[in-house]
Amino acid sequence: MNAKGSFVNTTATTSHYPAAPATQQSESHTLSVLVDNEPGVLARVIGLFSGRGYNIESLTVSETEHQKHVSRITIVTRGTPMVIEQIRHQLERLIPVHRVVDMTEAGPSIERELAMVKVRGKGEQRVEALRLADAFRARVIDATTESFVFEITGNSAKIEQFIVLMLPLGLIEVSRTGVVAIARGPEGM
């Protein structure tokens, strides 16, 4: 993990171009994209990624300014600094895009994700699932005599850790929203 809280993949990639560095680190970046809220915009953004072989690790989208018909797309992707810069520039060139901000580079920001986690269990496993949920500040949003559905909010690493701990206790199913992010401080995007 680097100083900005991003996971760093230390596998080297080689380039056939003489000016390119021999090794580059792959990093996870969160991009916020303000777009017109109109049909086909999300498909164009996704098409940019798939057409160039970039992976989307997380994607969320919602209208944020109803009067202006503007939506915010939050994308978590992974790549070398050069690839991330290329993605950002290509997104900026799309017609319905108003602004692209790399939240990982822009300064302090807050990232959160919501997950619903269904766990089956009886007896001691049930008690342990409730104890862990309390430690992670997960809420019980549904319960039967044989299962729970927990709601947990936090950064992706916290949610991953909760899921890993629930696996041996009877994890059945997980549904996640994807990452949303906003910059700290008084300035808007």
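Distance between the 7 Å Cα→Cβ label points at Glu146 and Met82: 5.6 nm. Relative to the longest principal axis of the Cα atoms of the chain, the long axis of helix 156-166 makes an angle of roughly 30 degrees.
Full extension of the chain segment joining Ile56 with Ile182 gains 43.5 nm, where the gain is 0.36 nm per residue of separation less the Cα-Cα distance. Of the trypsin sites (Lys or Arg not before Pro) found in segment 101-157, those in coil by DSSP whose Cβ has at most 14 other Cβ atoms within 10 Å are Lys122, Arg137. Relative to the current alpha-carbon distance between Asp102 and Ala43, full extension at 0.36 nm per residue lengthens the span by 19.2 nm. In this simple spin-label approximation, Asp134 and Leu114 carry label points 7 Å from Cα along the Cα→Cβ vector, and these lie 2.5 nm apart.
In loop segments of segment 117-189 as defined by DSSP, the GluC sites (Glu not before Pro) with at most 12 further C-beta atoms inside 10 Å of their C-beta are Glu146, Glu187. Which one, [x] 1.05; [y] 1.02; [z] 1.27, gives Rg/Rh (Cα atoms, Kirkwood Rh) as derived from the coordinates shown? Calculated Rg/Rh (Cα atoms, Kirkwood Rh): the matching label is [x].
Centroid-to-centroid, using Cα positions, segment 139-161 and segment 114-137 are 7 Å apart. Spacing of the modelled spin labels on Met189 and Leu165, each 7 Å from Cα toward Cβ, amounts to 3.1 nm.
Tilt of helix 124-135 relative to the longest C-alpha principal axis of the chain, in degrees (0 to 90, nearest 10)? Its long axis makes an angle of about 50 degrees. At q = 0.23 Å⁻¹, work out log10 I(q)/I(0) for segment 110-181 with the Debye formula, treating every Cα as an identical point scatterer and leaving solvent out; two decimals please. Listed by q, the Debye log ratios stand at -0.95. Each Lys and Arg Cβ is given +1 and each Asp and Glu Cβ -1; about its Cα centre, the chain then shows a dipole of about 120 debye. Within segment 97-111, which residues have the backbone N less than 20 Å from the label spot 7 Å out from Glu63 along Cα→beta-carbon, could you tell me? Those under the cut-off are 97-99.
From helices alone, the chain scores -8000 deg cm²/dmol at 222 nm; the rule is -39500 (n - 2.57) for each run of n ≥ 4 DSSP H residues, then divide by the residue total.
Read-outs: derived from the displayed coordinates by stated rules, not from any lab. What you are looking at is a predicted structure, and each value in this text was computed from that prediction instead of being measured. Glycine gets a Cβ as well: all are built from the backbone with ideal geometry, and neighbour counts include every protein chain shown.
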